[in-house]
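**Student:** I am attaching a structure below and will ask some questions about it afterwards.
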Amino acid sequence: MMPSLPQLLILIAVVVLLFGTKKLRSLGSDLGASIKGFKKAMNDDDNKTSSEQPDKVENFDSSNDEQTTKKE
């Protein structure tokens, strides 16, 4: 059940009165910075794994070659 517009406005007014605009502003900036850092870390991790993937394939292939020669 979605609250109506007047209910949302009352809720926002109560939150502003309880915490103050300065505290809410700092909370918003901290939240934004943490989301930005998380996205950057995810992109760095994706770039790192994509650049390492061909190496893993080569290592996997060479280990299979060694195992087949040992079995023979």
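Derivation of every value follows stated rules applied to the coordinates shown; laboratory data play no part. Because the structure is a prediction, the values reported are computed rather than measured. FYI the Cβ positions are ideal-geometry reconstructions off the backbone, even for glycines, and counts take in every protein chain you see.
**Student:** Working from the pairwise distances between different alpha carbons, so that the mean of 1/r is found and then inverted, what is the range 1-51's Kirkwood radius in Å? Walk me through the numbers on the way to the answer.
**Tutor:** Numbers: mean 1/r = 0.0726 Å⁻¹.
Final number for the Kirkwood radius of the range 1-51 is 13.8 Å.
**Student:** Between Ser50 and Lys22, what is the FRET efficiency for a Förster distance of 30 Å, r being their Cβ-Cβ separation, to the nearest 0.05? If you can, show how the numbers build up before the last one.
**Tutor:** Details: r = 43 Å, r/R0 = 1.42.
Taking R0 as 30 Å, the efficiency between Ser50 and Lys22 is 0.10.
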